[in-house]
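Asker: Below: one structure in structure tokens.
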């Protein structure tokens, strides 16, 4: 049943229905409402535990401990909170702890800014976490549930990235799967190894040069293997709930398009609207939604973009001193093609700078030419 | 008796840390989960693919063992396990300094964790750098004895008192020189609920620079000179565990260790006075 609710509250309810053993959070805008809602569920006896920590660093550490002890564990954060977690973010992936975290995407200091962009989670892209970027409120809710299933079957942590305010604070109609429904979709967490006095193991050991690289390579190989799992889980979700969200990457009116707008997160909604308008005028335009930044769907992106004339990569982050990160990934993915589309990089929406449909229109106008562009819009 | 910390680890001969761990685990038994901060202990006991641990063990990072323990115990309880104890072993660097915020959070929430800090009074894993625990006058590589500075010029952080200020059920100090006292404190803390903290003096042969046969002697002398006070704070009540009938001069302790060899008689006198004052302030 659909209800009209703030998306953070809906996400928290979805998480509660996944029956986590441990939730640990620290308040930070714009993810605070997720923590507050989960705290209220705990206060009402609907959640097994809620740890109000003294920092985000402690939150993620606590859920690592919880996961290692065999429990399902969750946290939510944003921006500076995620940056403070950085050291543990890497450790969680290296230790193969299948924790789930929702990131309400927000700019990083300095200057201080509480509004949306994706620099915070994009900066963690090399950590070994699966990262899924959500287009809509409903996708945020559904991906939070899918994330546990993906994490627990791949033994990789999953970051569910939802644009701060645009998604976290929007009140709209969403459907939150019930506890009974989630139970049918998501099996109980039964880790093969855990901290158990009956069967003592050592976790988080140190590795000499002889072994270290092998551990890192394993994480990478398992990311590649996780690609099919992400698609599969999205399909299983569709079978049960009638909704899917594009697996790793998805085209919209892209088959015969010459000009494509590509990006991640809530901007995709605007792009689809503009494409519908332009299609009505007979323009051959389409959208590429990149849902999974890690693992990066290089092959899928290549197949979807092959034969296009010009592709605009729009993103709310930048690798200062280099290129926009998603742009660089797409360029890399297209390189094996003999005839490559022209690819332009558009950087926008940083620190909450508005990205109205007008901006998407402008981008489509700018990529009519053959020259590749880099524009901070 | 079954041992839970096996021989074959790579700690230095005479190291106080494995003695601490082995005796604590003998008291705690097998129904525990050990959380370990990055330290010498982690390095000597857990080089993949070997492990010295006969109980479940997790190391994560230098400064987060308090929170790893918080999460582990919350997870056990959420899964219906009310019996397994979670115990942290951490050095003074992570306890006094880099992990202090996380530890303070764990204490404030009164999480059901026994936290044992083995205190060797410097960052020994990186080769003897000063920590908040390094005592006045001790030379380390970052508080060297130079022409104008004579080792660490600040007093040791009173960590047990700071921890006691969190009003947790149990705080105790111990020394591996008084093993029966340490073991009885671990035994008492084992069956208590909530956050418990034991600070154990565990000499470091290389950092303190003394003959490796003298670890226990030095750990004993620290107590016998009055420099290391053995006490408990149980439900807020302070109690000295042992007061030597007559204190030995602090010089006896200081002169056994090369980290203090540069100290002048005047500086030794300052340390003696500081120690006298500490005991004079104790309400017994």
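Asker: Please work out which one of (1) facing chain A (nearest Cβ under 8 Å); (2) touching a residue at least 12 places away in the same chain (Cβ under 8 Å); (3) in contact with a helix residue (DSSP H, G or I) (Cβ under 6 Å, 6 or more places away or on another chain) is the condition residue B:57 fails and give its number.
Answerer: (3)
Asker: Next up: Can you name the residue in region B:18-31 that is in a helix (DSSP H, G or I) and within 14 Å of chain A (Cβ to nearest Cβ) and is also nearest to residue B:8 (Cα to Cα) among such residues? Give the derivation first.
Answerer: The first filter runs over region B:18-31 and keeps only residues in a helix (DSSP H, G or I), leaving B:18-28.
Imposing the further condition that a residue be within 14 Å of chain A (Cβ to nearest Cβ) reduces the set to B:21, B:25, B:28.
Values: B:21: 14, B:25: 17, B:28: 21 Å.
The residue in question is B:21.
Asker: Turning to a different aspect of this structure: Identify, please: which residue in region B:77-86 is more than 7 Å from chain A (Cβ to nearest Cβ) and either surrounded by 24 or more Cβ atoms within 10 Å (Cβ to Cβ) or without any contact (Cβ under 8 Å) to a residue 60 or more places away in the chain (or both) and is, among those, nearest to residue B:189 (Cα to Cα)? Lay out the reasoning, then the answer.
Answerer: Start the filter on region B:77-86 by keeping residues that are more than 7 Å from chain A (Cβ to nearest Cβ), which leaves B:77, B:80-83, B:85-86.
Of the ones still in play, those that are also either surrounded by 24 or more Cβ atoms within 10 Å (Cβ to Cβ) or without any contact (Cβ under 8 Å) to a residue 60 or more places away in the chain (or both) are B:77, B:80-83, B:86.
Numbers: B:77: 19, B:80: 22, B:81: 19, B:82: 16, B:83: 14, B:86: 12 Å.
So the residue we want is B:86.
Asker: Within 18 Å of residue A:96 (Cα to Cα), in a loop (DSSP other than H, G, I, E, B) and at the interface with chain A (Cβ under 8 Å from one of its Cβ atoms) - does that describe any residue in region B:32-46?
Answerer: Yes - at least one qualifying residue is present in region B:32-46.
Asker: Would you point out the residue of region A:227-253, among those that are farther than 17 Å from residue A:183 by Cα and without any contact (Cβ under 8 Å) to a residue 12 or more places away in the chain, that is surrounded by the fewest Cβ atoms within 10 Å (Cβ to Cβ)?
Answerer: Filtering first and then ranking leaves A:228.
Asker: Which condition breaks for residue B:103 when tested against (1) in contact with a helix residue (DSSP H, G or I) (Cβ under 8 Å, 6 or more places away or on another chain); (2) assigned to a loop (DSSP other than H, G, I, E, B); (3) under 27 Å from residue B:33 (Cβ atoms)?
Answerer: (2)
Asker: Please work out which residue is surrounded by the fewest Cβ atoms within 10 Å (Cβ to Cβ), limiting yourself to region A:75-88 and to residues that are more than 11 Å from chain B (Cβ to nearest Cβ) and touching a strand residue (DSSP E or B) at 6+ places or on another chain (Cβ under 7 Å).
Answerer: A:82
Asker: Name every residue in region A:254-273 that is under 24 Å from residue A:324 (Cβ atoms) and either at pLDDT below 95 or surrounded by fewer than 21 Cβ atoms within 10 Å (Cβ to Cβ) (or both), in order of residue number. Give the derivation first.
Answerer: Kept after step one, since they are under 24 Å from residue A:324 (Cβ atoms), are these residues of region A:254-273: A:254, A:257-273.
Of everything in region A:254-273, those that are under 24 Å from residue A:324 (Cβ atoms) and either at pLDDT below 95 or surrounded by fewer than 21 Cβ atoms within 10 Å (Cβ to Cβ) (or both) turn out to be A:254, A:258, A:269, A:272, A:273.
Asker: Now for a different question. Let me spell it out: the conditions are (1) crowded, with 24+ Cβ neighbours inside 10 Å; (2) outside any loop (DSSP other than H, G, I, E, B); (3) more than 7 Å from chain A (Cβ to nearest Cβ), and residue B:63 meets all of them except one. Which number is the exception?
Answerer: Status for residue B:63: all satisfied but (2).
Asker: Now for a different question. If you check B:69, B:74, B:90, which single one turns out to be under 23 Å from residue B:125 (Cα atoms), outside any loop (DSSP other than H, G, I, E, B), in contact with a helix residue (DSSP H, G or I) (Cβ under 9 Å, 6 or more places away or on another chain) and facing another protein chain (nearest Cβ under 7 Å)? Steps first, answer last, please.
Answerer: Working: B:74 fails: under 23 Å from residue B:125 (Cα atoms); B:90 fails: facing another protein chain (nearest Cβ under 7 Å).
Exactly one residue qualifies, and that residue is B:69.
Asker: In region A:29-49, which residues are more than 9 Å from every other protein chain (Cβ to nearest Cβ) and part of a loop (DSSP other than H, G, I, E, B)?
Answerer: Narrowing region A:29-49 to residues more than 9 Å from every other protein chain (Cβ to nearest Cβ): A:29-47.
Passing the criteria: A:29, A:30, A:31, A:44, A:45, A:46, A:47.
Asker: Moving to a separate point now. Report yes if some residue within region A:174-189 is within 14 Å of chain B (Cβ to nearest Cβ) and exposed (fewer than 14 other Cβ atoms within 10 Å of the Cβ); otherwise report no. First the steps, then the outcome.
Answerer: Step one: of region A:174-189, the residues within 14 Å of chain B (Cβ to nearest Cβ) are A:188-189.
Checking which are exposed (fewer than 14 other Cβ atoms within 10 Å of the Cβ) leaves us with A:188.
Among the residues of region A:174-189, at least one is within 14 Å of chain B (Cβ to nearest Cβ) and exposed (fewer than 14 other Cβ atoms within 10 Å of the Cβ), which makes the answer yes.
Asker: Name the residues in region B:264-278 that are out of contact with any helix residue (DSSP H, G or I) (no Cβ under 7 Å at 6 or more places or on another chain), free of Cβ contacts under 8 Å to residues at least 60 places away in the same chain and within 23 Å of residue B:244 (Cα to Cα), would you?
Answerer: The first filter runs over region B:264-278 and keeps only residues out of contact with any helix residue (DSSP H, G or I) (no Cβ under 7 Å at 6 or more places or on another chain), leaving B:264-267, B:269-270, B:273-274, B:276-278.
After this cut, where a residue has to be free of Cβ contacts under 8 Å to residues at least 60 places away in the same chain as well, the list is B:265-266, B:269, B:273, B:276-278.
Residues satisfying the conditions are B:269, B:273, B:276, B:277, B:278.
Asker: Which of the residues belonging to region B:7-24 are modelled with pLDDT of 95 or more and either over 14 Å from the mean Cα position of the chain (by Cα) or surrounded by fewer than 21 Cβ atoms within 10 Å (Cβ to Cβ) (or both)?
Answerer: B:9, B:10, B:11, B:12, B:13, B:14, B:22, B:23 - these are the residues of region B:7-24 that are modelled with pLDDT of 95 or more and either over 14 Å from the mean Cα position of the chain (by Cα) or surrounded by fewer than 21 Cβ atoms within 10 Å (Cβ to Cβ) (or both).
The values are calculated or read from the model by the stated rules, or taken from the named source; none is laboratory data. Just so it is clear, the structure is predicted and the values come from calculations on it, not from any experiment. Cβ atoms come from the backbone with ideal geometry, glycine included; neighbour counts cover every protein chain shown.
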